[in-house]
1. Quick check: is even one residue across region 344-352 surrounded by 18 or more Cβ atoms within 10 Å (Cβ to Cβ) and in a loop (DSSP other than H, G, I, E, B)?
2. Do you know which residues across region 123-155 are under 21 Å from residue 190 (Cβ atoms) and either surrounded by 14 or more Cβ atoms within 10 Å (Cβ to Cβ) or not assigned by TED's automatic domain parsing to the domain that holds residue 109 (or both)?
3. Can you spot a residue in region 96-108 that is in a strand (DSSP E or B), in contact (Cβ under 8 Å) with a residue 60 or more places away in the chain, touching a Pro at 6+ places or on another chain (Cβ under 9 Å) and of a type in the set (Asp, Glu)?
4. For the subset of region 52-73 comprising residues that are part of a loop (DSSP other than H, G, I, E, B) and loosely packed, with under 15 Cβ neighbours inside 10 Å, which member is modelled with the lowest pLDDT?
5. When the residues of region 246-269 are narrowed to those that are out of contact with any Lys or Arg (no Cβ under 7 Å at 6 or more places or on another chain) and assigned to a strand (DSSP E or B), which ends up farthest from residue 307 (Cα to Cα)?
6. Go over the candidates 314, 251 one by one and state the one that is surrounded by fewer than 18 Cβ atoms within 10 Å (Cβ to Cβ) and either modelled with pLDDT of 95 or more or farther than 18 Å from residue 355 by Cβ (or both).
7. Going through 86, 124 one at a time, which residue ends up being within 30 Å of residue 297 (Cα to Cα), touching a residue at least 24 places away in the same chain (Cβ under 8 Å), in contact with a helix residue (DSSP H, G or I) (Cβ under 8 Å, 6 or more places away or on another chain) and outside any loop (DSSP other than H, G, I, E, B)?
8. Right, residue 10: touching a residue at least 12 places away in the same chain (Cβ under 8 Å) and farther than 22 Å from residue 78 by Cβ or not?
Amino acid sequence: MKLQEYQAADIFRQNGIPVADGYLITSPEEIRDVTRPVVLKAQVRVGKRGKHGGILFADTREEAMNKATKLFDMQIQGLDVDEILVAEKADVQHEYYVGMVMDRQSRRPVLIMTSEGGMDIEQVAAEHPDRIAKYPVDPVMGLRRYEAMYLAEQIGLRNDELKQMAGIAAKLYRAFDAYDGELAEINPLVATPDGLLAIDAVFNIDDNALYRQDFNREKSPLVTEREKKASEHGLAYVDLDGEVAIVGCGAGLVMATLDAVAEYGGRPACFLDLGGGATAEDTRHALDIVQMKESVATIYLNIFGGITQCDKIAEGIIEASPQKPTVIRMLGTNEEQGKEYLRQAGYEVVDDMTEGAKKAVELLD
């Protein structure tokens, strides 16, 4: 579960990380007196808010109220803005990145730092891989301060900033461990005249550990209507930032489909795992859910029938009658019957996963 920025910031603050002071508003009238420039940040659980107009600046209370009204009236990637975080604009001298991520391959947390803060870490990795430093953390021993200092030195920090970064990294790991984190990052962590300061906060909690945390997935306002509906119907749904909705049966197949779509230049908007033994009703619900997201332009269903019966999936597709351009790849149990149903209903079915991914991306044009 991805927390809102203000919740992540609270976790960091409770663990001793210096975080920019701010307050949450639900209406423009709650804006306090503005004596210094402020930043208004829409609280929505998607990335790249700034590129979608979700981060604005103001110099006066009147301007801040006008900007807040603008944010409350907008949607960001299909999500309403119900809350805004207001904070003083920091005096930024340099931007760094520090994060913790659970690495599935090494089966341990990894500490990541770079001097190229303020950018997407994926972009830094693609353009300047030499500027990223990583350190796998022993989950038994935890992150030791000298390990964090070593990594901070690798990205060029010295003296007081090196010590501050090491301390922040150690506290970030402590929060990551205590809250069963999958991802915790500060981007950017900025150098100011008064020292390092976190002016953004990201924290994702492992869904499987929510039962022992104070965040209830079903009651939390952080859960979108799409996620609620998916949970109600026993479907696994994850929001992403692109335009191609991906529906499949089995997490491995779905992940491979994400990669195939990305290979042809597409950006997945979301993915939904039907699971094994999916019914026509499951499929209908799945298609209804992914079409709730406004950014979805095409749908790619990648079905491999084992215990899942392709003819039942086909019945669900026909019942749902998706309104977006739809590509279907179907192989496995009862596939010929399923394909025949779909052809009679006017749908085209492909046999190859990469062919389907390519076609789904081409339909975006």
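1. Here is the first cut: in region 344-352, the ones surrounded by 18 or more Cβ atoms within 10 Å (Cβ to Cβ) are 347, 349-350.
So of that shortlist, the ones also in a loop (DSSP other than H, G, I, E, B) come out as 347.
Yes, some residue in region 344-352 is surrounded by 18 or more Cβ atoms within 10 Å (Cβ to Cβ) and in a loop (DSSP other than H, G, I, E, B).
2. Answer for region 123-155, where residues must be under 21 Å from residue 190 (Cβ atoms) and either surrounded by 14 or more Cβ atoms within 10 Å (Cβ to Cβ) or not assigned by TED's automatic domain parsing to the domain that holds residue 109 (or both): 124, 125, 131, 132, 133, 148, 149, 151, 152, 153, 154, 155.
3. We begin by selecting, within region 96-108, every residue in a strand (DSSP E or B); these are 96-103, 108.
Filter once more, so that each one left must be in contact (Cβ under 8 Å) with a residue 60 or more places away in the chain: 96-102.
From the residues that got through so far, the ones that are touching a Pro at 6+ places or on another chain (Cβ under 9 Å) too are 96-97, 100-102.
Applying the additional criterion that residues be of a type in the set (Asp, Glu) yields none.
Looking for residues that are in a strand (DSSP E or B), in contact (Cβ under 8 Å) with a residue 60 or more places away in the chain, touching a Pro at 6+ places or on another chain (Cβ under 9 Å) and of a type in the set (Asp, Glu), one finds none in region 96-108, hence no.
4. First, pick out the residues of region 52-73 that are part of a loop (DSSP other than H, G, I, E, B): 53-54, 59-60, 73.
From the residues that got through so far, the ones that are loosely packed, with under 15 Cβ neighbours inside 10 Å too are 53, 59-60, 73.
Values: 53: 94, 59: 97, 60: 98, 73: 97.
Going through the qualifying residues, I end up with 53.
5. As a first pass, look at region 246-269 and keep what is out of contact with any Lys or Arg (no Cβ under 7 Å at 6 or more places or on another chain): 246-263, 265-268.
Now drop any that are not assigned to a strand (DSSP E or B), which leaves 246-248, 268.
Values: 246: 20, 247: 17, 248: 13, 268: 26 Å.
This residue is 268.
6. Working: 314 fails: surrounded by fewer than 18 Cβ atoms within 10 Å (Cβ to Cβ).
Being surrounded by fewer than 18 Cβ atoms within 10 Å (Cβ to Cβ) and either modelled with pLDDT of 95 or more or farther than 18 Å from residue 355 by Cβ (or both) holds for just one of 314, 251, which is 251.
7. Details: 86 fails: within 30 Å of residue 297 (Cα to Cα).
That would be 124, the only listed residue that is within 30 Å of residue 297 (Cα to Cα), touching a residue at least 24 places away in the same chain (Cβ under 8 Å), in contact with a helix residue (DSSP H, G or I) (Cβ under 8 Å, 6 or more places away or on another chain) and outside any loop (DSSP other than H, G, I, E, B).
8. No: the conditions fail for residue 10.
The values are calculated or read from the model by the stated rules, or taken from the named source; none is laboratory data. This is a predicted model, so every value here is computed, not measured. With ideal geometry, Cβ positions are generated from the backbone for all residues, glycine too; neighbour counts draw on all protein chains shown.
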